[in-house]
Ligand SMILES: Cc1cc2nc3c(=O)[nH]c(=O)nc-3n(C[C@H](O)[C@H](O)[C@H](O)COP(=O)(O)O)c2cc1C
């Protein structure tokens with residue numbers, strides 16, 4: 001790992017700040033600080049699942065900003081189940097040289113670049129894939145077939161292949177995506193998982209496939225390569241994954257070869273009312289992280305709602321988690337880590353949206369990532385309706401490329 005940009009003597013912000021101490025993972029890899037750029041689906045791949053110059057620029061920018069690790073969101077191992085047409089697809093047909101270039105660019109300023117192993121399952125974009133999750137669902141806005149027993153049995157090898165390809169391409173680690181309602185999170189959630197076989201029912205059965213995947217991914221990449229997982233503390237939905245069950249999952253992960261557990265939460269499921277939030281501001285899942293701490297000695301990363309350096313510092317200094325994951329803060333201020341290291345601008349200026357249209361805030365952040373990667377202004381002066389329209393239009397064009405490339409009209 002390059003230390004070139006960050007090897008200067010500690011400045012005032014850094015000297016006593018626990019955020020700027022290294023973290024050693026069980027596999028032996030060392031993170032140079034405690035701040036991780038959480039996975040964000042950047043929708044900047046080229047429509048054939050390959051990296052673009054915009055992605056190289058985006059991850060180079062984050063690398064130069066001092067994050068210990070940046071995680072690329074939603075990298076698909078199976079092109080039939082994407083979350084969006086701008087997802088990367090890393091499978092046997094991928095041009096590994098193009099991924100290797102992204103892997104190099106994304107660490108050119110320091111830090112590590114990991115990929116998140118995705119599979120959208122029932123939330124596969126129906127314009128370009130075939131939604132299939134643990135159980136068949138037919139609800140307004142969510143229609144999905146059920147995976148067969150044979151298809152479930154094939155999942156560990158699928159995830160393991162992409163993890164191994166990521167390692168060969170030069171990425172520094174992988175993260176299993178088991179949060180926010182995508183396939184592995186669907187298996188964990190009773191809302192999505194109504195199976196009556198060995199993979200459905202009590203949490204011990206619902207987590208089974210995830211643990212099998214962890215084992216096979218580990219076998220594919222060897223003992224010294226970081227394998228992380230992102231989980232929901234809770235789905236925050238009536239009838240969804242509860243904190244009690246999520247803690248049982250954490251206890252099982254403690255016995256696995258996982259290197260880092262990122263705790264976040266929240267899922268969308270049509271018709272399921274949200275459960276009341278315990279906290280309206282601050283780190284959303286801090287109390288869960290405290291409980292998880294008592295179940296596992298694995299390094300924990302806490303993500304969601306962290307907006308200032310003071311909040312992040314307290315999470316690490318009080319031992320609530322070993323590090324923090326930030327997403328929106330990195331979209332707004334890519335150099336947030338270095339600013340905090342210097343004790344400057346410790347609270348990124350989050351935009352405020354009054355009565356945003358549905359999907360507007362996500363579209364804004366997605367286009368903000370494009371703005372950084374493409375180094376051009378896409379947002380100033382545009383209202384959210386226009387931002388949504390631009391985002392939708394871009395995705396429609398990529399979907400067309402996707403369909404032509406993957407031949408699934
Ligand atoms: C534009 C956008 C895209 C996201 N894409 C992903 C993703 O691909 N994978 C994932 O695990 N989480 C994704 N997230 C969720 C973030 O990683 C994070 O859990 C969430 O935004 C809360 O953290 P924050 O309060 O620091 O933003 C995304 C968030 C945003 C804003």
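Quick note: the coordinates plus some simple rules give every number you see, no bench work behind them. All figures in this text were calculated on a predicted structure; none of them were measured in a lab. Cβ placement follows ideal geometry from the backbone for every residue including glycine, while neighbour counts extend to all protein chains displayed.
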Task: Normalised alpha carbon radius of gyration of the range 101-151 [divisor 2.2 N^0.38 Å] - done: 1.72
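What's the FRET efficiency of residue 57 with residue 100 using the Cβ-Cβ distance as r and R₀ = 22 Å, to the nearest 0.05?
Numbers: r = 17 Å, r/R0 = 0.75.
E(calc), rounded to 0.05, equals 0.85.
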TODO: Quote to one decimal, in nm, the extra length available between residue 30 and residue 310 on full extension: 0.36 nm per residue of separation minus the C-alpha distance between them.
DONE: 98.4 nm
Task: Segments 67-76, 351-360, 223-232, 198-207 sorted - mean Cβ within 10 Å per residue, highest first - done: 67-76, 223-232, 198-207, 351-360
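Would you compute, from DSSP H runs of 4+ residues alone, the mean residue ellipticity of the chain at 222 nm, taking -39500 (n - 2.57) per run and dividing by the full residue count, rounded to the nearest 500?
Working: 15 runs with 148 residues, N = 409.
Taking each H run of at least 4 residues, the total per residue is -10500 deg cm²/dmol.
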Open item on the list: Connecting C-alpha atoms closer than 10 Å in a GNM of the chain, tell me which of 251, 149, 127 has the biggest fluctuation.
Closed with: 149
Open item on the list: Taking a virtual spin label 7 Å from the Cα of residue 353 along the C-beta vector, which residues in the range 62-88 bring their backbone nitrogen under 19 Å of it?
Closed with: 84-86
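Rounded to a whole number, what is D in µm²/s for the range 86-194 from Stokes-Einstein with the Kirkwood radius over alpha-carbon pairs (20 °C, 1.002 mPa s)?
Numbers: Rh = 15.2 Å.
After rounding, the answer is 141 µm²/s.
Subtracting the Cα-Cα distance from 0.36 nm times the residue separation, let me have the gained length for residue 91 to residue 383 in nm, one decimal.
Details: separation 292, 0.36 × 292 = 105.12 nm, distance 3.82 nm.
Gain on extension, residue 91 to residue 383, equals 101.3 nm.
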Open item on the list: If I model a spin label at residue 248 and residue 396 as a point 7 Å from the Cα along the Cα→Cβ vector, what separation in nanometres do I get?
Closed with: 4.6 nm
Open item on the list: What distance in nm separates the two pseudo spin-label positions at residue 281 and residue 204, each 7 Å out from Cα along the beta-carbon direction?
Closed with: 4.4 nm
Task: Over 14 Å [Cα-Cα, the range 252-295], rounded percent - done: 62 percent
Open item on the list: Against the empirical 2.2 N^0.38 Å scaling, what ratio does the C-alpha Rg of the chain come to?
Closed with: 0.92
Open item on the list: I want to check the label-to-label distance for residue 291 and residue 255. Put each point 7 Å from Cα in the C-beta direction and report it in nm to one decimal.
Closed with: 2.0 nm
TODO: For an R0 of 35 angstrom, estimate the FRET efficiency from the Cβ-Cβ distance between residue 136 and residue 318 and round to the nearest 0.05.
DONE: 0.20
TODO: Could you line up 255, 60 from fewest to most neighbouring Cβ atoms inside 10 Å?
DONE: 255, 60
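Need one number: convex hull volume per residue for the range 265-409, Cα atoms only, in Å³.
Values: hull volume 27.8 nm³, N = 145.
Given the Cα convex hull of the range 265-409, per-residue volume reads 191 Å³.
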Task: Distance histogram in 10 Å bins (all Cα pairs of the range 26-74, percent per bin) - done: 23, 48, 24, 5
Open item on the list: What does DSSP give for the chain in terms of the percent of beta bridges that are antiparallel, rounded to the nearest 5?
Closed with: 15 percent
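Based on the Cβ-Cβ distance of residue 403 and residue 362, what FRET efficiency does E = 1/(1 + (r/R0)^6) give at R0 = 30 Å, to the nearest 0.05?
Numbers: r = 23 Å, r/R0 = 0.77.
Taking R0 as 30 Å, the efficiency between residue 403 and residue 362 is 0.85.
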- [ ] Kindly work out what percent of the DSSP beta bridges joining two residues of the range 64-154 are antiparallel, to the nearest 5.
- [x] 25 percent
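Please report the orientation-averaged projected area of the range 157-219, defined via the convex hull of its C-alpha atoms, in nm².
Orientation-averaged projected area of the Cα hull: 4.5 nm².
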Open item on the list: Report the Cα centroid-to-centroid distance between the range 313-385 and the range 81-135 in angstrom, as an integer.
Closed with: 22 Å
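Neighbouring Cβ atoms within 10 Å as the yardstick, rank 62, 340, 364 fewest first.
Numbers: 62 25, 340 28, 364 21.
So the residues, fewest neighbours to most, are 364, 62, 340.
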